[in-house]
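Engineer: The structure follows.
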Amino acid sequence: MEQNIGKYIIVTGAVILIIGIIFYFFHDKLQWIGRLPGDIRVEKPNFRFYFPITTMILASIVLSLLLWIFRKIF
C-alpha cells in the first residue's frame, strides 16, 4: 500500500473532525446555512419541498477552493 494514501486518509479525518467541532460549538451562529436567498422552499399543509440550490453552489465553491489549496500544498 502506498504511503500517500495513509496521509490522505489522516488529512481527510482531521478535516471532518474540525468541521464537526465547528458545527458542535457554533451551531447557533450557523443558522443561515440552508436559508440563503435562492434556496427553493415550498411548504403546503401536507407537502414540504426544499431544494437548497444556493447553499449547494456555495458549498461547491468552498470545497473546490479547499481541494485546490490542498493540491498546491501536497
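Engineer: Would you please name the residue that is farthest from S60 (Cα to Cα), looking only at residues in the range 27-45 that are outside any loop (DSSP other than H, G, I, E, B) and at pLDDT below 90?
Structural biologist: Here is the first cut: in the range 27-45, the ones outside any loop (DSSP other than H, G, I, E, B) are 27-29, 40-44.
Adding the requirement that they be at pLDDT below 90 leaves 27-29.
Numbers: H27: 20, D28: 23, K29: 21 Å.
Residue satisfying both the conditions and the ranking: D28.
Engineer: Condition first: assigned by TED's automatic domain parsing to the domain that holds I73, in contact with an Asp or Glu (Cβ under 9 Å, 6 or more places away or on another chain) and among the β-branched types (V, I, T). Can you find one or more residues in the range 39-54 that meet it?
Structural biologist: Yes, that holds for at least one residue.
The values are calculated or read from the model by the stated rules, or taken from the named source; none is laboratory data. On a predicted model such as this, the values are computed, not experimentally measured, just so you know. Counting neighbours? That spans all protein chains shown, and the Cβs are built from the backbone with ideal geometry, glycine included.
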